[in-house]
1. Mind checking how much accessible area B and A bury in total, 1.4 Å probe, in Å² rounded to 100?
2. Where the accessible area of the stretch B:262-329 is counted over protein heavy atoms with a 1.4 Å probe, how much of it, in %, is carbon and sulfur?
3. Considering only DSSP states other than H, G, I, E and B, which trypsin sites (Lys or Arg not before Pro) in the stretch B:55-85 qualify as loop sites with at most 15 other Cβ atoms within 10 Å?
4. Using a basic spin-label model with each label point 7 Å from the Cα along Cα→Cβ, how many nm lie between B:E306 and B:K330?
5. Could you tell me which residue out of B:H107, B:V198, B:P238 lies farthest along the dipole of the stretch B:35-284 toward its positive end? Charges go on the beta carbon: Lys and Arg +1, Asp and Glu -1, centred on the Cα centre.
6. Could you please report the charge total around B:F373, scoring K, R as +1 and D, E as -1 over all other residues with beta-carbon less than 13 angstrom from its beta-carbon?
7. Only residues of the stretch A:29-54 count here: report those whose backbone N is under 11 Å from the spot 7 Å along Cα→Cβ of A:K65, or say none.
8. Hey, what D do you get for the stretch B:173-273 in µm²/s if you plug the Kirkwood alpha-carbon radius into Stokes-Einstein at 25 °C and 0.890 mPa s?
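The values are calculated or read from the model by the stated rules, or taken from the named source; none is laboratory data. Because the structure is a prediction, the values reported are computed rather than measured. Methodologically, a virtual Cβ is constructed for each residue, glycine included, from the backbone with ideal geometry; neighbour enumeration extends over all protein chains shown. Protein only, heavy atoms only, side chains kept; ligands, DNA and RNA dropped before computing areas. Shrake-Rupley method; radii C 1.70, N 1.55, O 1.52, S 1.80 Å.
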Amino acid sequence: MFKTKRVRDFQSLEGVITFFGSHHALRSEQILKKRDIKAELIPGPREISPNCGVALRFDYSKKEKVKKILDEFFVHYEDIHYYPVN
Amino acid sequence: MVSKYFTHWGFEEIKLVKMYYFDNAATSWPKPGSVMKVMQRYFFYGGGNPGRSGHRKAIEAGKTVLNTRQLLASLFNIKDPSSIVFTKNATEALNIAIVGSLKPGDHVVTTSMEHNSVMRPLRHLEDGGVRISVAKTDSKGRTAVRAIEREVEDSTKLIAVTHASNVTGTINDIEAIGNFCRKRNIRFLVDAAQTVGVVPIDVEKINADLLAFSGHKGLLGPQGTGGLYVKNADLSDPLMRGGTGSLSDREDQPDFMPDRYESGTLNVIGIAGLGESVRWVIDRGVERIMEHDSQLLEIFVNELSENERFKLYGLGKAYEQTGVVSINIKGLSPSRVGEVLDRKYGILTRIGLHCAPQAHKTLGTFPDGTVRFSWGVFTKQKDIVDATHALREIAEGS
């Protein structure tokens, strides 16, 4: 549970989901990873949302699938953005 | 290191004496050893503030809280874990549910077996114009649906019922009461402080809109933990408002779960321990724990029921009662019995009114109260036999 986190390469993850509350951010990471969709929690970029301290970087090509999964698990998110790293 | 401040905790003295702990209905002891280990690990390696920042310590703390929330959700068969709110105990949860959901002019029905954590907030609201009806239970503490139905009015907003009495352990048929609430479209609040972890609870089956529970009783977690299940965020107003780590650009309270009710930094170290204890309880199986408590109940009741010097309250029936029995010895005051049990035999019980004057009036034991024995998953059959022997000795010696 408390292992040191390795910095992963998430250059390829171009989508960012923003949330109202952190419970939902953490839960969505867990749910997506379980379904083999690449996802990585990041400090929420202020320029796209002032709401929650945590946002989720994910594989933007799977946007529609992700939307469906999040709704199914009662995860409330604010918005899905196209937000590449560079 | 020598401190100039002398602190005396007194734990060591307690450790030296052989003890029988029969006060699990107040708080359970001992706890699974792994609970302390998880809390220790959180203390040394975790320690961030959940939901406040995006750095890894904050995220790990957030995951710790999420983990406990999910375990509780699977224990109660709750589909959306975010509908569980952490509180410092069942009392705080009941206060959110009661004070937050009633307005002046509303009517509420409760029962005559309630704990003061339900009665006191209600009596406080009564001064502000909320009307209260108390449904009478039978002399064993059981609440009939008909007794509640009789008190219900058109303006009834809430029905608040304890799942099991903390005085007699009597388990209410909350499924039947829940069905009634669904039919009449009235909010249903269940006080599960005494049954969580020792009686199976399924919020869908019992149709609970609000369910308050403590973390340090049947769930075997650390003190300072508890929670409230809220079916919809618009059911109740929060008692406290403040920082949640969300909607930080706005000065009004978030309206979504669980942030609406969780202002300020959570007791994450306690919640980490609670998560481990819930995992332990799920692994052991609530049904199995109930079976264990019921077996001990049969032994306890069998040992004492034939002796006419003892008066037992409640049903005295396995599976219809939690591991709680209230007794009195004829001719002796409860406080005297409790004192001798502790001083002479090392048997720790709770005497008096158990924060439930209304319940003792129902049983006819007000204002002296009873001697309450409550056991748990770590209590052995021999402990029960030893306790009944001690009780017989006290009864004969008087």
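1. Details: alone 18810 and 5840 Å², together 22390 Å².
Buried surface at the B/A interface: approximately 2300 Å².
2. Working: 1200 of 2740 Å².
Of the solvent-accessible surface of the stretch B:262-329, carbon and sulfur hold 44 percent.
3. Counting only loop positions with at most 15 other Cβ atoms within 10 Å, the trypsin sites (Lys or Arg not before Pro) in the stretch B:55-85 are B:K79.
4. Those two pseudo-labels are separated by 1.7 nm.
5. B:V198
6. Net charge around B:F373: -4.
7. The answer is A:35-38, whose backbone nitrogens lie closer than 11 Å to the label point.
8. Calculated translational D: 162 µm²/s.
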